[in-house]
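Q: Can you read through this structure? Questions will come right after.
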Amino acid sequence: MTVHKKMFDKKEKKKRTWSDPSILTTITNPTTLGYEVKIKNPEMTFLGVKNQPDYANVFITFYPKEKVIELKSLKLYFHQFRNTIISYERLINVVYDDLMSTYEPSRLRLTMIFNPRGGIASKLTIDSDWEIRGGSENFKDWVGQDDEW
């Protein structure tokens, strides 16, 4: 085996960092009583996989525990994606994971509606209540609703 081959084999693959969740700051929840927070970001910008500007409407449904989302930090968090080349599927999962780990809510439902590209629009949703995401399917508020977008 050549020296070059040995060096190549020893190189560790760097794990790509897609976001900086430390941008997100928290506010202490002023109550232990349950309530729902809905947040809309009407124009999140990022670079699609073809390195072209892409846009999404982001809808967050949030049931807080001890921490509440500080909106200015959320705006700055979303702003970091402006120069990031990322697929729709990775983007929604990165944002979901960052929000869950930072705020540890009782429930988080994240929907992203992406502007048409090539004549096709996409809508992606993740809900922490889904069993496949570790939830217990307690909330059925999304079942039977009109799916307009």
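Where a number appears in this text, it was derived from the coordinates with a stated rule and is not lab data. Please read all numbers here as calculations on a predicted model, not as lab measurements. Here Cβ is always computed from backbone atoms with ideal geometry, including for glycine, and neighbour counts include all displayed protein chains.
Q: Any chance you could run the full-extension gain for Lys123 through Lys75? It's 0.36 nm times the residue separation minus the Cα-Cα distance, nm to one decimal.
A: Residue separation times 0.36 nm, minus the Cα-Cα distance, leaves 15.2 nm.
Q: Right, here's the next one. How charged is the neighbourhood of Thr31? Take every other residue with its Cβ under 12 Å from the Cβ of Thr31, and add Lys/Arg as +1 and Asp/Glu as -1.
A: With Lys, Arg at +1 and Asp, Glu at -1, the net is 0.
Q: Further question: Note down the Stokes-Einstein diffusion coefficient of the chain in µm²/s, whole number, using a Kirkwood radius over alpha carbon pairs, 25 °C, and 0.890 mPa s.
A: Rounded to a whole number, D works out at 142 µm²/s.
Q: Could I ask something else about it? Return the ratio Rg/(2.2 N^0.38 Å) for segment 64-103, where Rg is computed over Cα atoms only.
A: 1.25
Q: Which whole-Hz ³J(HN,Hα) couplings does segment 109-123 yield from phi under the Karplus relation 6.51 cos²θ - 1.76 cosθ + 1.60, θ = phi - 60°, glycine and proline marked x?
A: These are the phi-based 3J(HN,Hα) values: 10, 10, 10, 10, 10, 8, 4, x, 10, x, x, 10, 9, 10, 10 Hz.
Q: What number, in percent, do you get for the relative contact order of the chain if the mean sequence gap of Cα pairs under 8 Å and at least 6 apart is divided by its residue count?
A: About 22 percent, as a whole number.
Q: Working from the pairwise distances between different alpha carbons, so that the mean of 1/r is found and then inverted, what is segment 48-119's Kirkwood radius in Å?
A: After inverting the mean inverse Cα-Cα distance, the result is 13.3 Å.
Q: Nearest 0.05, what FRET efficiency do Tyr55 and Ile23 give at R0 = 22 Å with Cβ-Cβ as r?
A: After rounding to 0.05, the efficiency reads 0.65.
Q: So how do Thr26, Thr32 line up by other beta-carbon neighbours within 10 Å, fewest first?
A: With the sparsest Cβ surroundings first, the list reads Thr32, Thr26.
Q: Could you derive backbone 3J(HN,Hα) for segment 50-59 from the dihedral phi with the Karplus parameters 6.51, -1.76 and 1.60 (θ = phi - 60°), listing whole Hz in sequence and x where the residue is Gly or Pro?
A: 9, 6, 10, x, 9, 9, 9, 8, 10, 10
Q: Considering only the other residues whose Cβ falls under 9 Å of the Cβ of Asn57, what net charge follows from Lys and Arg at +1 and Asp and Glu at -1?
A: Taking every Cβ under 9 Å from that of Asn57, the sum is 0.
Q: How long are the semi-axes of the equivalent ellipsoid of segment 87-149, taking √(5λ) for every eigenvalue λ of the Cα gyration tensor, in whole Å from largest down?
A: 22, 17, 8
Q: Nearest-5 percent of antiparallel DSSP beta bridges in segment 1-141?
A: 95 percent
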